[in-house]
1. Which are the unpartnered cysteines of the protein assembly as shown, meaning those with no other cysteine Cβ under 4.7 Å from their Cβ?
2. If you take the Cα Rg of the protein assembly as shown and divide it by 2.2 N^0.38 Å, with N the number of residues, what do you get?
3. Express in nm, to one decimal, how much length is gained between A:Val397 and A:Leu14 on full extension, taking 0.36 nm for each residue of separation and deducting their alpha carbon distance.
4. Expressed as a whole percent, how much of the Cα-Cα distance distribution for region A:413-501 exceeds 17 Å?
5. Counting only other residues whose beta carbon sits under 13 Å from that of A:Gln197, what net charge do I get with K and R as +1, D and E as -1?
6. Per residue in region A:515-561, which ones lose no less than 10 Å² of accessible surface when going from chain alone to all protein chains (1.4 Å probe)?
7. Can you tell me the mean projection area, over all orientations, of the convex hull of region A:60-145's alpha carbons? Units nm², please.
8. Can you quote the Å³ per residue value for the convex hull of the Cα atoms in region B:24-150, rounded to an integer?
Amino acid sequence: MFDPKKLEAIRRELQAWEKNELAGFQARKPERKRSFTTLSARPIRRLYSPADLEAFDYSERLGYPGQYPFTRGPYPTMYRAQPWTMRQIAGFGTARATNERLKFLITQGQTGLSVDFDMPTLMGYDSDDPRASGEVGREGVAVDTLADVEELFDGIDLSSISVSMTINPTAWILLAMYVALAERRGIAKDQLSGTVQNDIIKEFTAQKEWIYPVKPSLRIVRDSILYSVRHLPHYNPVNISGYHIREAGSTAVQEAAFTLAAGIAYVDEVRKSGLDVDAFAPRLSFYFISHSDFFEEIAKFRAARRVWARIMKERFGARKPESMRLRFHCQTAGSSLTAVQPLNNVARTAYQALAAVLGGCQSLHTNGMDEALAIPSEEAMKLALRTQQILLEETGVASSIDPVGGSYLLESLTDQTEKEIWEYLERIDKMGGTVAALERNFFQQEIADAAYGYQVAKEKGEKTVVGVNRYREPEPEEPTIPLHTVDPRTEQLQKERLARAKRERDAARVAKLLEELREVARTDENLMPVTLECVRAHATLGEIVGALKDVFGVYREPIVF
Amino acid sequence: MPPHPALSPTGGEDEGEGGDNMTERKIRILVAKPGLDGHDRGAKVVARALRDAGFEVIYTGLHQTAEQIVATAVQEDVDVIGLSILSGTQMIVFPRILELLREHGATHIAVIGGGTILPKEMRELKAMGVVELWGVDSSTQEIVSWLQARFR
């Protein structure tokens, strides 16, 4: 990017500055720390300049938005044409309770929906299962049958708003329920847009909601991708997620590298079925965290786009640009929030949201200030949404594309992040690929080590958490902000709904369909069509999961800490 | 953390290692994740900090029922059960664990825990018999120091 002669002159000027200006100044006023590091413990230098970008080739490294290697963004106009989707997640209690929250968020200007399910739904237990006791509707909405999904989206036009569902080992069932609901309402499948998380690899490595062993779990993901590609042209059948990897304690580079490694595994899995990479790669979507270290995060998003583009082009031979462009949802960092001085979380979240937008996210969830204490209240969610609206409509940061691109620091950090991601991907390949690395606990151990390293640094005071290890205040007896409370009737109400659904259905037909499901599971045929039949007949989520446990068995966790 | 004379009234026939049996042994702590929730970062970090501080740590892994946790605690003859809960189920799980310990005649096992637990809930749980609780902003050193003081 720079003329070699000019670069040489800059180097000389820089040396002179260090000698004549900096040295004397530092002697009088030492810097406040001996070394400055990012949140992921990478060193950050005092000053970045053209000297740091010696080999920087603008056209090759950055290019233009909407073009390979997509560093500057996946689309040519970015937020000038299509602001990021403001997608606050919601889910608690019964379908009715969550439906009200979704409608509230729409009236407040939210532009996409996102649903969180309770632990039993995520793990494949019906609300009347003993394992579900105490957890029904607590951390998300409870779903047992199609009737619950109908109520969840009651009065919401699914042909005009996109819906993201945070669900993994049971994702294929929720996808089937969503499709069945659309059929009942007469919505054409090509009108459905949205996302199902369906990223089982990061469940094994980080989020830890699993049911079946690794290989049948991957087959389920493959089947849902294949079904979706064939029938739902505007739907994202998998949302390859780094968020949970980071929340489990990884570094920024690990988050990006392990997520892209999962992406590689899914592409491999689907290609094995014979489908051309360009037939499905455009529908792969991603999900990253936006954590507290501002520039490290922006660099991560840009580097991830660049690496993915090259993976798709060179490793998989994709030809369509849409196969190479990484699109991602983003969420601010839950683990950065503090239970003490909860209003501080509003400031944290706003900075993290800014980093997400400067990094070019396609949709964003900003956390509620109360999320270190409880699931978010309506008031906390509204403020978090307003934070995004202020960002879009008042600050001006969405007017120009990749507005911090070209910063010497940011480009250096983007290059460095890219290099470190490639190093991880090479290590993973040497281990035999993502699945082999997963089975060796490589990811789990790396994440546990990083989490512990950060905890130690925090406790030594090397990493500041305002209100926790600096600027502490006496703790009030009670939280100073209003919190969401769990409706104690939820579990009972949900069990009654489930009992009614079971009474009103054709039990013999359900039993027959569940047996068909087992049969299909024993072959390599796609599980989606028969699952759709099951949910239409009001088979429960727990019954469907149970039928496949009979065939696939269950996953056993290796204990790593 | 120096080795500590066994506190367990039943304990210590089989230390598994042979050697200087029974007179002294490390404090044994079961770190447990009850329920279906998968947030295990805190449990693992605490488990490792306790191990580094010289305690003998057993980690249950995820998705444990209260029955499984108490059975493991009794079988492993632990001195302490530490529960990590980020799913909002603390007011159900802790009482259930205490009840099961009573049923097993194992009330000598101290129950402690941490997670997204509100101050009011902490007070109620302590009144029920939970010995100590920590919130999400706590340091592992606070937990280590507390255990060292208790078992000094």
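1. For the protein assembly as shown, the answer is A:Cys534, because their Cβ atoms have no other cysteine Cβ under 4.7 Å.
2. Against the empirical 2.2 N^0.38 Å value, I get 0.98 for the protein assembly as shown.
3. Working: separation 383, 0.36 × 383 = 137.88 nm, distance 3.13 nm.
Stretched fully, the A:Val397-A:Leu14 segment lengthens by 134.8 nm.
4. Working: 2956 of 3916 pairs.
Tail of P(r) above 17 Å: 75 percent of Cα pairs.
5. Working: positive: A:Arg87, A:Lys202; negative: A:Asp116, A:Asp199, A:Glu203, A:Glu209.
After counting each charged neighbour, the total is -2.
6. A:Glu557, A:Ile559, A:Val560, A:Phe561
7. On the way: hull surface 32.8 nm².
Here the figure is 8.2 nm², rounded to one decimal.
8. Numbers: hull volume 12.1 nm³, N = 127.
In region B:24-150, the Cα convex hull volume per residue is 95 Å³.
The values are calculated or read from the model by the stated rules, or taken from the named source; none is laboratory data. These numbers come from a predicted model, not from an experiment. Ideal geometry is used to build each Cβ from the backbone, glycine not excepted, and the neighbour counts take in all protein chains shown. With ligands, DNA and RNA removed, areas are computed over all heavy atoms of the protein, side chains included. Shrake-Rupley method; radii C 1.70, N 1.55, O 1.52, S 1.80 Å.
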